[in-house]
1. If you average the alpha carbon positions of segment 257-308 and of segment 1-47, how far apart do those two centres end up, in angstrom?
2. Out of the GluC sites (Glu not before Pro) in segment 215-288, which ones are loop residues according to DSSP with at most 15 other C-beta atoms within 10 Å?
3. Tell me the relative contact order for segment 13-139 as a rounded percent, counting alpha carbon contacts under 8 Å between residues six or more apart.
4. Taking every eigenvalue of the Cα gyration tensor of segment 13-139, multiplying by 5 and rooting it, what semi-axes result, largest first, whole Å?
5. In the P(r) worked out for segment 257-334, what percent of Cα pairs fall beyond 20 Å?
6. Just to confirm the filter: which trypsin sites (Lys or Arg not before Pro) across segment 182-289 are DSSP coil and have at most 13 other Cβ within 10 angstrom of their Cβ?
7. Starting from the Cα of LYS9, draw a straight line to each of the lysines and keep only those under 18 Å, dropping any in the same chain fewer than 8 residues away.
8. Exactly which trypsin sites (Lys or Arg not before Pro) in segment 28-69 are in a DSSP loop and have at most 16 other Cβ atoms within 10 Å?
Amino acid sequence: PQGKEVFLKLAQNCDIVTDNFRPGTMQRFGFDHESLAKLNPRIITLSSTAYGYTGPWRRAGSRARTVDASCGMSYLTGYEDGPSYRASNNYMDHSVGNNVAYALLLALYQRNKTGKGMRIDLTMQETGVSAIGPAILETQRGITRSRLGCGHLWKSPHNVFPCRGFDRWIAIAVSSDEEWRRLRQAMDEPLWAADPRFDTAQGRWHHRHDLGGLLSDWTQTKDDQELMNHLQSNGIAAGAVLTAEDLVANPHLGERGYIEEFENVNAPHAGPRKYAGRPFRMPEIPFTIRHVAALGEHNVVTLRDVAGLSNEEITTLANEGVISTQPLPTETPP
């Protein structure tokens with residue numbers, strides 16, 4: 001009861017409340033939009049669920065893997081003539097998170113115009129379905145989209161090819177006859193590349209397996225990153241398949257200051273580590289990692305400044321275990 005009371009006090013002075021529980025959970029807690037709006041008419045609430053608050057699947061639970069399947073992405077993902085595979089181990093989580101941010105920004109913009117809060121019902125499945133828009137249109141015309149692995153519907157070569165060394169690869173994408181001419185030049189015009197079957201985009205795609213095998217024979221003698229630079233210098237879209245180890249030491253990311261070394265004072269045993277930074281730059285706004293909050297580090301300032309609790313009330317909550325700065329004794333450390 002004390003925790004619920006504190007939450008409601010926070011909600012009275014907050015702009016946004018979000019959750020990713022199954023539909024009905026927030027209502028059982030008394031934290032549904034209608035209840036919160038009575039305390040704060042300007043509140044914006046967003047629920048990010050698997051299938052939404054309406055429809056026959058609304059009560060279904062999920063993980064990112066299961067939604068990857070139910071949105072159609074798994075069906076389309078896989079090697080040519082092979083079974084379906086999971087599209088990504090975290091695509092649904094990341095893409096849904098981006099949509100949450102976009103939806104909340106739109107809601108804040110709308111509230112600034114109207115002065116009224118709103119309810120947002122956002123689903124993982126619909127986020128995933130939006131990623132296969134072309135397939136949705138094609139099926140209405142009787143067109144079946146085949147699994148292509150790393151291939152393309154009409155471009156070839158368009159795949160990942162082996163390079164020198166263990167498990168080293170390069171992605172190469174040729175989109176036009178001019179790019180094919182440049183690739184031939186970059187390969188010093190091998191005899192097989194003059195095969196008339198490869199003169200047109202249609203011919204190259206139709207004979208993509210033969211073309212891929214011949215190109216692989218050439219790439220597998222090359223260093224992946226040296227070959228990427230060589231092909232790029234000849235106007236060919238190519239990218240070495242980099243490992244996490246490669247990325248940590250990557251000179252391009254290093255020069256841009258993207259990989260940041262940071263030591264978390266709240267976890268001194270971890271020591272300094274390199275982390276992925278922000279994928280954007282904005283003038284006069286620093287984006288370096290400055291601090292990682294410890295568990296419950298801002299309990300006091302949040303409850304005092306937002307919920308309006310006194311120091312005595314906050315101390316009581318801590319003493320009674322309603323709030324804490326340490327994991328529960330029953331929790332296993334990571």
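Read-outs: derived from the displayed coordinates by stated rules, not from any lab. This structure is a prediction, so every number in the text was calculated from the model and none was measured. Note that we place each Cβ from the backbone using ideal geometry, even for glycine, and neighbour counts take in every protein chain shown.
1. What the calculation gives is 27 Å, centre to centre.
2. Passing sites in segment 215-288 are GLU263, GLU284.
3. This gives 32 percent for segment 13-139.
4. 32, 16, 11
5. 55
6. Details: sites: ARG182, ARG184, ARG197, ARG204, ARG208, LYS222, ARG256, ARG273, LYS274, ARG281; in loops: LYS222, ARG281.
Those satisfying the criteria are ARG281.
7. Within the straight-line cut-off, LYS9 pairs with LYS38.
8. Filter output for segment 28-69: ARG42, ARG58, ARG59, ARG63.
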